[in-house]
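Only one structure is covered here, and it is reproduced in the block below.
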Amino acid sequence: MDKKRIIQVDEKVPLPMLLPLSIQHVFAMFGASVLVPILFQIDPGIVLFMNGFGTLLFIFLTKGKAPAYLGSSFAFLAPAGGVIAAQGFEYAQGGFVVVGLLGCLLAFLVWKFGTAWIDVILPPAAMGPVVALIGLELAGNTITPGKTGADLTSGPHIAVFAVTLGVAVFGSVLFRKFFAVIPLLIAMICGYLTAVALNLVDFTPLAEAKLFTLPQFHLAKFDLNAILTIAPVILVIATEHIGHQVVTGKIVGRDLIKDPGLHRSLLGDNLSTAISGFVGSVPTTTYGENIGVMAVTGVYSVQVIAGAAVISLLMAFVGPLAAFISTIPGDVIGGITFLLYGMIGTSGLRILVDKKVDYGKNRNLILTSVVFVAGLSGLTLTFGSVSITGMTLAAVTAVIISLVFFLLDKAKLMND
């Protein structure tokens with residue numbers, strides 16, 4: 001029985017394979033990454049440019065040892081939306097810059113004092129559900145009609161969704177040799193062609209696109225209220241980053257927290273956010289969609305991720321290229337992410353299994369239970385103009401309860 005060919009982090013990929021493998025990552029990130037600037041009503045071109053720049057910066061700072069694509073972060077949507085409505089996007093940029101700099105400070109503290117504190121604030125019983133929620137919280141988006149979700153209210157849309165998901169699922173377990181490496185790209189092509197055949201693709205953006213475009217750069221403005229509104233997001237993105245590094249480490253079979261080191265990956269992620277915010281883009285984050293692509297394909301090469309970053313940079317200047325990808329229907333994106341988000345969720349559960357979390361102990365059972373329900377219940381807590389819900393609330397809950405349990409354990413008050 002043939003085993004899937006694994007291409008490791010530091011392996012080089014033959015040139016004929018590099019382009020399609022990189023395009024697959026571009027397709028995976030595009031819909032979600034461009035959705036953020038659309039919601040903020042800013043130029044998607046600057047976001048594509050800074051996504052590519054940030055990814056290359058991340059690869060450089062992590063010495064090419066941590067495969068990750070940096071796309072637009074959704075963690076800032078709620079607080080930044082309030083700032084934008086009240087003061088304008090430039091002041092939200094100021095908040096992005098400060099959060100990025102706080103993340104760089106956190107990277108320094110990790111470098112100085114190590115990573116032992118991670119198991120204190122996020123033990124495996126908490127880390128597992130938080131990581132799982134990165135995917136599970138997004139699951140509903142896959143069947144929410146729009147640019148990144150499928151419209152399952154009519155036969156033609158259902159057909160496109162079904163073809164895309166079907167090829168992705170069965171291609172992942174049936175394809176062999178080179179085709180086993182690009183099942184998601186093949187699935188998207190099949191889904192796109194089905195959508196064209198059913199007259200569901202709007203080619204207007206492609207017809208109207210200019211051959212050459214320039215990203216719209218504009219500098220950040222700083223206001224204390226705006227900064228205080230956005231700053232608490234640092235806890236969320238730090239937790240998300242650790243979760244993504246753990247998940248990626250599990251997938252590639254390496255401890256990325258130790259090598260290249262959490263301090264390096266935190267620095268790359270947050271320095272990218274600070275620079276992006278300063279010049280007119282949105283915060284960046286390591287992307288779950290691209291982690292999912294690696295999990296499905298078994299291709300972990302940083303060279304492939306760098307290729308996707310270069311393509312993203314080019315898309316910021318080549319109008320028809322970005323326009324073509326923007327014509328991909330939500331039914332296709334939804335079909336792909338239906339599988340990817342589920343795999344991210346499963347990666348969180350894998351942490352619980354690999355760490356052999358003992359649910360005979362009440363502390364572990366309670367911790368996992370509360371974190372899952374905090375993230376999936378729809379509960380929202382509001383502090384002034386800042387609201388936290390979903391994975392954000394779950395992460396904060398996990399840290400607080402974990403710290404309390406740690407202190408109670410030190411005082412020998414735990415009953416297990």
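The values are calculated or read from the model by the stated rules, or taken from the named source; none is laboratory data. It should be emphasised that the depicted structure is a prediction, and the values quoted were computed from it without experimental measurement. Positions of Cβ are backbone-derived with ideal geometry, glycine not excepted, and every protein chain shown enters the neighbour counts. Heavy atoms of the whole protein, side chains included, go into the accessibility calculation; ligands, DNA and RNA do not. Shrake-Rupley method; radii C 1.70, N 1.55, O 1.52, S 1.80 Å.
Points to keep in mind about this one:
- Computed FRET value (nearest 0.05) for Asp416 with Ile189, which takes r as the C-beta separation and R₀ as 56 Å: 0.60
- Protein accessible area in region 5-138, 1.4 Å probe - carbon and sulfur %: 71 percent
- Of all DSSP beta bridges in the chain, antiparallel share, percent nearest 5: 90 percent
- Calculated P(r) tail over 18 Å for region 271-416, as whole % of Cα pairs: 75 percent
- Sorted largest first, the principal axis extents computed over the alpha-carbon atoms of region 157-258 equal 53, 45, 28 Å.
- Taking all pairs of distinct alpha-carbon atoms in region 208-279, Kirkwood radius in angstrom: 15.0 Å
- Contour excess over end-to-end distance, with Cα ends at Gln41 and Phe212 and 0.36 nm allotted per residue: 59.5 nm
- With N as its number of residues, the chain has a Cα radius of gyration that, divided by 2.2 N^0.38 Å, comes to 0.96.
- For region 204-328, radius of gyration divided by Kirkwood radius, i.e. Rg to Rh on alpha-carbons: 1.02
- Taking N as its residue count, the alpha carbon Rg of region 332-416 over 2.2 N^0.38 Å: 1.34
- Extension gain, Asp358 back to Ala162 (0.36 nm per residue minus Cα-Cα distance, nm): 66.7 nm
- Most mobile listed residue (Leu314, Leu339, Leu379) in the chain, GNM with C-alpha springs under 10 Å: Leu379
- Using distinct alpha-carbon pairs, which all enter the 1/r mean, Kirkwood radius of region 73-177 in Å: 18.3 Å
- Rg and Dmax of region 325-366, Cα atoms only, in Å: 16.9, 51
- Ordering Ala28, Leu174, Met315 by Cα displacement along the dipole of the chain toward the positive end leaves Leu174 in first place; charges were set at the Cβ atoms of Lys, Arg (+1) and Asp, Glu (-1).
- Summed side-chain charge close to Gln93 - residues other than Gln93 whose Cβ falls under 12 Å, Lys, Arg +1, Asp, Glu -1: -1
- The loop-placed trypsin sites (Lys or Arg not before Pro) in region 145-242, going by DSSP, that have at most 13 neighbouring Cβ atoms within 10 Å of their Cβ come out as Arg176, Lys210.
- Ligands, DNA and RNA left out, the accessible area of region 216-356 computed with a 1.4 Å probe is 67% carbon and sulfur.
- Stretched out straight at 0.36 nm per residue, the stretch from Leu379 to Asp255 would grow longer than its current Cα-Cα span by 41.3 nm.
- The distance separating the Cα centre of region 85-122 from that of region 293-311 comes to 26 Å.
- Peptides 368-378, 349-359 ranked from most to least packed by the mean count of surrounding Cβ atoms within 10 Å: 368-378, 349-359.
- Inter-part distance where region 183-208 and region 15-70 are each reduced to a Cα centre, Å: 21 Å
- Taking the Kirkwood radius as Rh and the Cα radius of gyration as Rg, region 33-78 has a ratio of Rg/Rh equal to 1.05.
- On the principal axes of its alpha carbon atoms, region 263-329 extends 38, 35, 22 Å, with the longest extent given first.
- Within region 229-267, backbone nitrogen closer than 13 Å to the virtual label 7 Å beyond the Cα of Lys63 toward Cβ: 256-265
- Helix runs (DSSP H) in the chain reaching 24 Å along axis by Cα, Kyte-Doolittle at least -1.0: 15-40, 44-61, 89-113, 155-174, 233-252, 262-279, 330-354, 390-410
- Across region 297-352, the volume of the C-alpha convex hull divided among the residues equals 102 Å³ per residue.
- Amide hydrogen proximity for Leu70: with H placed 1.01 Å from N in the peptide plane, the residues at 5 or more positions away or on another chain lying under 5 Å are Thr55.
- Once the 1.4 Å probe is applied to the protein heavy atoms, the chain comes out at 43 Å² accessible per residue.
- Each 5 Å bin from 0 upward holds the following percent of the Cα-Cα pairs of region 1-91: 2, 11, 17, 19, 17, 12, 8, 6, 4, 2, 1, 0, 0.
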